[in-house]
Structures are given as structure tokens and as C-alpha cells.
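Note sheet for the following structure.
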Amino acid sequence: MSYKLQLEDVTMQFGGVVAVNNLSLHVGEGEIVALIGPNGAGKTTAFNCITGVYEPSNGRILYDGKPVIVNHPSGKMKKNYAGKNADKYINENVLNPTPDEITKMGIARTFQNIRLFKSMTVFENVLTAMHVRAKANVFSSVFRLSWKEERKMAEDTEKLLAEQGLLEHKDDKATSLPYGLQRRLEIARALATRPSLLLLDEPAAGMNPQETLELAQFIREIKEKYDLTVFMIEHHMDLVMQISDRIYVLDFGSLIAEGTPDEVQNNQRVIDAYLGVAEDV
């Protein structure tokens, strides 16, 4: 199996706090892989490193086998670095693309707290995301030389909304939708960037059991329909165990377990991390 995403020795340090510590993992082409762990384990920080929101303190991230993010401790961080492998990547070129550059590569994400454009309609939210792939520049836009491309993006937006069951809401304000549909809209907006890797940050947050069940089916459907690889953070263990091919477990920024849902579910270190370890009396 070829790897869609690889993290090698990724460390994210804020001052003296190591939020992600020497994290190495991989997501295979076409897999659904989950990253789980208690609150504060470093899961969203890891996502922020992958998507260019944070510049990791050390390590390397590869997409489709090619390094896209590389860094090593330098300046003040070199002196204060508390992670491992400080010199491992020192001879490699530093690569720190911005979030929009990461998106153009084919990596899209959603957020733990829904981040829709609140003043825009459902249609406008998705259409805005379509512009990531637009070829028009300021000149062609001002003089309406790109009208064919704009019409095509509008048509593609309507098509995507229809596929996701949102077309009847196209003129509604995004924030007027029920919570479950807002989640679906956020995923549709991510799909509008035409990714091959989709990162979902707690997609079931705030959903009731029925909505979570529908979400599981929805994720499976879009994975197949759009030929996606899916990497997700999630606290709903029913969802994780139901749809994940493999699972990684973080605790205090470090990887403590990995494996199939059955293997992880029965791992004593995972049980201890979630439930705590009883103290001897």
C-alpha cells in the first residue's frame, strides 16, 4: 500500500511545553484512519501542523511520498528544544507552506468548531471554496474575461450541493441550518477544493446518536464517491470503531498505541489513558 500521508518525528513545542512529541504515523491510500486520545492529548495540534496552521518545531511531513513540511530547531528553539531527534533534519531544506498552499496540494480539513462563513448563504460558502482551483487573476476578473470559468464553478457548486442533499437550502444563510446540516455543509465546502486527503476534526461533535449514525454512512459514501483518503480526530468511539481501518492513540502528545479497532479497544495503555490508573492502596 502506498502512503498518502506520513508524519516523521513531528514535534510541536510551545515555549517549554511539548504539545506533540516525536510523532510518527502513516495513512495509506484509500484508508480511513482515526487519531484518538483524551482532551489535550495533542490531536488538533498535529492536524494544525499537517495543514500549515502551525510550523512544527521539528520533523517531516510527506504527502504522496514527497516532503511538503520540514523543519528543525533553530534560533532560540535550538537551545530550548525538549523533543527528540533535534539534529535529524538539520541538513534538509526547511519547508513551511501556508494553509492555502497545503489546500491547493490536495489536503482539505474541517474544524472541531464549525467555521462556516456566517454572513454567506450555503451556495456562497461552497462557491468560495471552489475558487481555490480557479485560474482567473485580478485582471481577468475585473474585465469579466473569466466568465466561463465562473459559470462552471457555479454549476459545479450546485451539483455538489445536490449530491450532498443541500441544494434545497442553497439560498439559506449557512448558520440557519440545523447543526447536523452545518457539519455536512462544512464537509461539502472542503470537498469543493477537490482534495484527495480529507482531515476531519471531530466531525460528530455535538451530534445525537442518530446524526452520528448518519454521519458514519456519509463519510463512507464520500470516501468512495470522491476517491478520498480520510484522517480524522474523533471522541465518539462508536463512530471510530465502526468506520476506521486503523487507529492511532495519543496521550500527552506521544503515541501510545496503534492498530485495528479491535487491537486498540483491548489495549491496556489505551484503557488506562481514558479511564485512569487505579492507585495502590
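Which ³J(HN,Hα) values, rounded to whole Hz and listed in residue order, are derived for segment 228-237 from phi using the Karplus coefficients 6.51, -1.76 and 1.60 in 6.51 cos²θ - 1.76 cosθ + 1.60 with θ = phi - 60°, glycine and proline given as x?
Each residue of segment 228-237 in turn: 9, 9, 10, 10, 9, 9, 7, 9, 6, 5 Hz.
Which cross-chain or sequence-distant (5 or more) residues have an amide H under 5 Å from the amide H of GLY28, H modelled 1.01 Å from N in plane?
Hits under the 5 Å cutoff: LYS4.
Using the alpha-carbon centroid of each, what span in Å lies between segment 160-192 and segment 16-76?
29
Angle between the Cα long axis of helix 147-163 and the longest principal axis of the chain, 0 to 90 degrees, nearest 10?
With rounding to tens, the tilt is 60 degrees.
Quick one: which of 67-76, 168-177 comes out on top by average Cβ neighbours within 10 Å, and what's the full order, highest first?
67-76, 168-177
Would you mind giving the three semi-axes, in whole Å and largest first, of the ellipsoid equivalent to the chain according to its Cα gyration tensor?
One finds semi-axes of 34, 25, 16 Å for the chain.
Order the following by accessible area, largest value first: ASP64, ASP201, ASP87. Probe radius 1.4 Å; ligands, DNA and RNA are ignored.
Ranking ASP64, ASP201, ASP87 by accessible area, largest first, yields ASP87, ASP64, ASP201.
Give, rounded to the nearest 20 debye, the magnitude of the charge dipole that the chain has about its Cα centre when Lys and Arg contribute +1 at Cβ and Asp and Glu contribute -1 at Cβ.
For the chain, the charge dipole is close to 1220 debye.
Expected output is a single nm value to one decimal: the length gained when fully extending between ASN113 and ALA154, i.e. 0.36 nm times separation in residues minus the C-alpha distance. What is it?
Going from the current span to full extension adds 12.1 nm.
Extending each Cα 7 Å along its Cβ direction at THR121 and LYS225, get the distance between those two points in nm, one decimal.
Going from the THR121 label point to the LYS225 one covers 2.1 nm.
Check which residues have an amide H placed less than 5 Å from TYR54's amide H, if you skip close sequence neighbours.
Under 5 Å from the amide H of TYR54 lie the amide H atoms of CYS49, each far enough along the sequence or on another chain.
With springs only between Cα atoms under 10 Å, which of ASP227, ASP156, ASP262 fluctuates most in a Gaussian network model of the chain?
ASP262
The values are calculated or read from the model by the stated rules, or taken from the named source; none is laboratory data. Being a predicted model, the structure only gives us computed values, none of them experimental. Note: ideal-geometry Cβ built from the backbone for every residue, glycine included; neighbour counts use all protein chains shown. The accessibility values were calculated without ligands, DNA or RNA, using every heavy atom of the protein model including side chains. Shrake-Rupley method; radii C 1.70, N 1.55, O 1.52, S 1.80 Å.
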